[in-house]
Amino acid sequence: MDKPQVISHIEKSMNFTLYDVKWIPCSAKFVVMGAHPQGTGALQVYEMNKGDVSLVHESQKSKAIKCGSFGASQLHQRCLATGDFEGKLNVWNLENTEVPVYSVQAHKEIINSIDGVAGLGIGEGAPEIVTGSRDGAVKVWDTRLKGKPVVEIAPAEGEARRDCWAVTFGHAYNHQDRCVAAGYDNGDLKLFDLRSMSLRWETNIKNGICGLEFDRKDINMNKLVVTTLESKFHVYDMRTQHSKKGFTSLEEKAHSSTVWSVRHLPQNRDIFMTTGGNGSICLWKYSYPASRVEKQEGEEEEVGVVGSVTQLQNTALTTQPISAFDWCVDKPGLAACTAFDQTLRILIVTKLNKV
Amino acid sequence: MSKFNMLECQQQVKENSLELNDYLRELEKWETDVKKKDDKLRTSQPLANVQPKLPPVRNEAKRQKRKKPQSSENKKEKPQPIKSYNYSAWDKFDVEKACQDIDQGADQQSSEEDDDSADNERQEMEWRVQQAVAEKDLGNDLFKKAKYEEAIEHYTKGIGYDQFSAILPANRAMALLKLGRYAAAEADASTSIGLDPTYVKAYARRGTARLARKCLAEARLDFEQVLTLEPDNRQAKADILKIENFLEKSKPTPDLEESQPEKADEGRLSKKLPAKLDVVPGLVMPIDKSVHLRSKKPLTRISIDEYDEDEHISLVETEKPPETSQTKQATAGDRLAVSSGSDNRVTGMSSPSGSVDGVHRQSSKVDVVIGDESRQDRARTTVTGSINKDEGTADVAEDDGPPLPANSVQLQLDWRRLKGNSSKLYKYFKRIQPADYPRLFSQFLEADVLSQIIAVLRDFYVCEKEDVFSVLAGLVHVARFSTIAMFMGSTETKALNALFERVKQSGLHSKEDVAAVSLKYNLS
């Protein structure tokens, strides 16, 4: 009966559409990104204040902001990288959001997803930002290089350009190794190896991929959770890649609607939260199998064995899709989420240390 | 059972709310803690040395990777080391060769390092060129705004970055022209031409500068060069016309000594070389052909006729050089040349006309040295003319030194060449008008030069019964003369005394004048 409880601690109604929320590292503040009704971008910083949140800073940008990440920022700078509806990648110093510290027209169309690595002490190597866009391209950016990406992964000229919905970094456990996972609207899942500059693995899971995340960015690839349309998500064991079968995975049904995103608990990589299109959030726990690899009869090569997931909690917060969810790194059990009911919620998840 | 369940449920709820309360209390504490931490982080400046050294930007790393495979190939070439127990192989082992290989390997390695440094150098060079272009653009903008001084500053900076660009000095020349600093403009344009002999604008600008400096003949050459490169250049045509008009006006009575066949020859030459209207007969000229027009055929050896010194002198005596006062005619130098060949391929060895310093315009100064024939210094070497393709006629002209110098630099060069040959020096010196001494000798007159002049006066002027006094009086007006006169030795003083004695005896000049001049020579 020691089920973790998910409690909506604070609810704050906003006057704009919320697309993303991120805790500012090493603070009780978080930044909310979205779009005002007139199409301009909203960038607001809130601070936790004894059972309430208070607005610290607010600025309006010319373009609606879709997504943001602190992943590539140094801790003392805490610069937020954002992708907007017009395909522009901006990096903001939140102390002064008048002009971006780095700005580039990254894509021709909306940036659906952004992720950073090697900042905040998470991941080795050069801090980089990855963006995925409706124009079908996935680009990796280094803020030291102005005006052009360090890596561009796009379909060849003339080939169909699928809408890239989700990107994430992983495998950044040393200076050389780094991977980018990208999910597309047609269910394509691609894993790019930035060390060898090649496509390491790809598969199709039939349903459009809305969100994906490695359980940890800064370790040798362990697990990858992929959430899709049609109320499904997949968990891949990324330790063992078979030359033909690839990575082994399991499929799980949840939310009875689109699974919008997945976020692993920073304090425990085997616990993760998925957010649903029906306004519910689910907490899951992954259990490893007895042996993570096995050899099939008459075969030399090992194939990965996937474990199992158990649902710890399922809580309905609203009736609208939960667009974003972010765990607070500094305080276990604290999280923020945004939903399309224009409400920001601060959540408390108890008993996480007991599961 | 259900009662038990309900109790449990109650307990659960109580537990949950307790847990939540605990969490909220903790949360509040965390809030205050983390806010302090946050403030500290925000206010404190990051220490420079704390910041980790970041790996290079990704695509730069990639570029380095591309280079690596080359070096690994080298490694693959290395033969397998011979195993210590493989005696037959050791028997065949050539120690000398192995040592050599090791040496070569070291060379290779160093060359690899050279590659690296060359790469860096190239990058540095690229950067410099970029900077130079940026400076040029800035300069051009300022030039358009008529801020010539500032434009010149930027061009100068640009030249500092990239001294091989022909455009920068040409642009600076233009700005200098606008400011009326013609001499500097001419020098810059010459530099530009030296870097790119096909750069039309540089010729045009040098022509303009020379025109402004009243060096008409040179200006004309430049404009003609513009026309050869760009036949439709209206400005150049107009300028040439202007020069011709000017020359027409200032032309003295035609020189009687200029013989008819020579003129015909000149006409023929000019047909061949439109750029050189004042080509002198019997003179070997470097042929001004821009690089792209030059013959691609290989050079061929050409026959050289040798003349004895005596023969030459007899020639000189029989055909006295025309004594002229005009600079232009003096450039029609008097060099001996025999044109008998029929090979136009020799043009390949001609030097471009726009030599870098702009002073060596006088092509007659170019000594053509061909092969080992040149070692006969006593014999006159003459070069078969490349000009006449179909004719084998031999024109004999004579040579008694370079033409009249246009400026002091040229004078210095000529003087140095003629120093050993006093008879030629005499002829050369004689042609210089005493009135020109201050201009030509100003930076050049030293004690040794003065003693050479005095020697010439003593040895030749006296014999030829030339006017010694005008020379002596002319030299007095050269800057710093009095200082130089103080360094005269006893031989010079003696010679001077003799000279002045002759002047006095001749009675051509008033005694006061002679006394005043001799006083300047520190003679009592």
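The values are calculated or read from the model by the stated rules, or taken from the named source; none is laboratory data. Please read these numbers as outputs of a predicted model, since none were measured by experiment. Note that each Cβ is placed from the backbone with ideal geometry, even for glycine, and that neighbours are counted across all protein chains shown. All accessible areas refer to the heavy atoms of the entire protein, side chains included, with ligands and DNA or RNA removed. Shrake-Rupley method; radii C 1.70, N 1.55, O 1.52, S 1.80 Å.
Which value, in Å², gives the accessible area per residue of chain A when a 1.4 Å probe is used on the protein heavy atoms?
Accessible area per residue, chain A: 38 Å².
Report the net charge of residues surrounding A:E86, where surrounding means a beta-carbon distance below 12 angstrom and charges are Lys +1, Arg +1, Asp -1, Glu -1.
+3
Hey, if we sort A:S59, B:S295 by accessible area with the 1.4 Å probe, largest down, what's the order?
If we order A:S59, B:S295 from most to least accessible, we get B:S295, A:S59.
Within a Cβ distance under 9 Å of A:D270, other residues only, what is the Lys/Arg minus Asp/Glu net charge?
+2
Looking only at other chains, what is the average number of their beta-carbon atoms within 10 angstrom of each beta-carbon in A:67-75?
Average per residue, whole number: 1.
Quick check: at a probe of 1.4 Å, how many percent of the accessible area of region A:28-141 sits on carbon and sulfur atoms?
Result for region A:28-141: 44 percent of the exposed heavy-atom area is carbon or sulfur.
Counting only heavy atoms of protein chains, what accessible area per residue, in Å², does region B:141-236 have with a probe of 1.4 Å?
Per residue, region B:141-236 has 46 Å² of solvent-accessible surface.
Give me the Å³ per residue figure for the convex hull around the C-alpha atoms of region A:14-268.
Per-residue hull volume (Cα only) is 141 Å³.
Leaving ligands, DNA and RNA out of it, report the carbon-plus-sulfur percent of the accessible area of region B:395-467 at a 1.4 Å probe.
Answer for region B:395-467: carbon and sulfur cover 49 percent of the accessible area.
With every protein chain kept in the model, how would you rank A:M238, B:M174 by accessible area, 1.4 Å probe, largest at the top?
Heavy-atom accessible area, descending, gives B:M174, A:M238.
Region A:128-142: which residues show an accessible-area loss of 20 Å² or more, assembly versus chain alone, 1.4 Å probe?
So the qualifying set is A:E128.
Please sort A:177-184, B:138-145 by packing, taking for each peptide the average over its residues of neighbouring beta carbons within 10 angstrom, highest first.
Top to bottom by mean Cβ count within 10 Å: A:177-184, B:138-145.
If you take the accessible area of A alone plus B alone and subtract the pair, what total do you get in square angstrom, rounded to 100, with a 1.4 Å probe?
Buried area (both sides, nearest 100 Å²): 3300 Å².
Among the listed pairs A:K223/A:K244; A:K29/A:K61; A:K223/A:K351; A:K63/A:K148; A:K139/B:K136, give every one whose C-alpha distance is greater than 27 Å.
Cα-Cα > 27 Å for A:K139/B:K136; rest within.
Could you work out the mean count of beta carbons from other protein chains within 10 Å of each residue's beta carbon in B:34-43?
4
Do you know which residues of region A:323-341 lose at least 40 square angstrom of accessible area in the protein assembly compared with their chain on its own, with a 1.4 angstrom probe?
Those residues are A:K331.
Counting only other chains, and only Cβ atoms inside 10 Å, what mean value do you get across the residues of A:76-83?
Mean partner shielding for this stretch: 2.
For a Förster distance of 25 Å, can you work out the FRET efficiency between the beta-carbons of B:K35 and A:L55, rounded to the nearest 0.05?
The calculated FRET efficiency here is 0.95.
Can you list the residues of region A:11-44 that have at least 20 square angstrom less accessible area with all protein chains present than in their chain by itself, probe 1.4 Å?
A:C26, A:S27, A:A28, A:K29
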